[in-house]
Amino acid sequence: MLLPDLKIWLNHFEYHAANRRPVPEGLPDVLTEEERQRIAPSIATFQLGESSDGRSLLRAAKRFAKRHNAAPLERITELFIKEEQHHAGLLRGFMEDHQIPLKRRDWTDDIFRHVRKFAGYELCTSVLVSAELIGNVYYRALEVATGCRRLQVLCRMLVSDELAHVAFESEMLQAIRAERAPPLRMLTEVAHRFFFLGAACVVWFTHRPVLRAAGYRLSTFLSACDAQFRFYLLPPRGVPVTNG
């Protein structure tokens, strides 16, 4: 299996681990009561999702790395998990400053975690990249749905980091799937896309107040999410998949 250059990705995650970006101080930090009521349960759910301990993913990455002689993958995964937890901390700090209660459990988060619990590396990564692609559309919507400058900048920071995560995960998935015969590869992509759009529908129905405030209808939200999926995970037909 021809994997991406994992040393480049290891350097990326090590650099970001050593140079965490704080939200700039002194930003206007006013959240109206109307905005607070609109975003509170929604942002709490996403904060919970960012706070995973990542044990299932790390176990799967260790097994994959050993099987495919990809030693840097274990460390990359550890750093990736810590970066996600850093995101959770940034969101938690904002929530605490605005008296937004944290969530301990949410049924949507439970489903994602349960699927990953017994999955191999490909399925873990497929679930994770699905959540992050949808999350990027959500954070852009959250930025539009509030006038709080601090939250707007925080959303941009999260999207910036998540885009790198998605790039890494999509490279890994395309490398894994490139080994398969075209019909099986296409079947895998169709199954992943079906799961992805189902997850996007769930996000729409559970986060409607934020998404509607940003101007999304169900159709436009699904279209925005699907465009992300197609860009990162569906290489043009007839164009060979290259890695490294």
Practice prompt. Could you tell me whether Ala199 is touching a residue at least 40 places away in the same chain (Cβ under 8 Å) and surrounded by 16 or more Cβ atoms within 10 Å (Cβ to Cβ)?
Written response: yes
Item to complete: Tell me the helices (runs of 4 or more DSSP H) entirely within region 149-234 that contain at least 3 residues that are touching a Gly at 6+ places or on another chain (Cβ under 9 Å) and not charged (D, E, K, R).
Response: 149-177
Worksheet item: Just checking, which of Glu143, Glu96 is modelled with pLDDT of 95 or more, charged (D, E, K, R) and touching a Lys or Arg at 6+ places or on another chain (Cβ under 8 Å)?
Response: Glu143
Practice prompt. Could you grab me the full set of residues in region 54-90 that are over 16 Å from the mean Cα position of the chain (by Cα), free of Cβ contacts under 8 Å to residues at least 60 places away in the same chain, surrounded by 17 or more Cβ atoms within 10 Å (Cβ to Cβ) and not in a helix (DSSP H, G or I)?
Written response: none
Worksheet item: Of the residues in region 12-53, how many are under 16 Å from the mean Cα position of the chain (by Cα) and assigned to a helix (DSSP H, G or I)?
Response: 10
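The values are calculated or read from the model by the stated rules, or taken from the named source; none is laboratory data. Bear in mind the structure is a predicted one, so any value in this text is a computation, not a measurement. All Cβ positions, glycine included, derive from the backbone under ideal geometry; neighbour counts span all protein chains shown.
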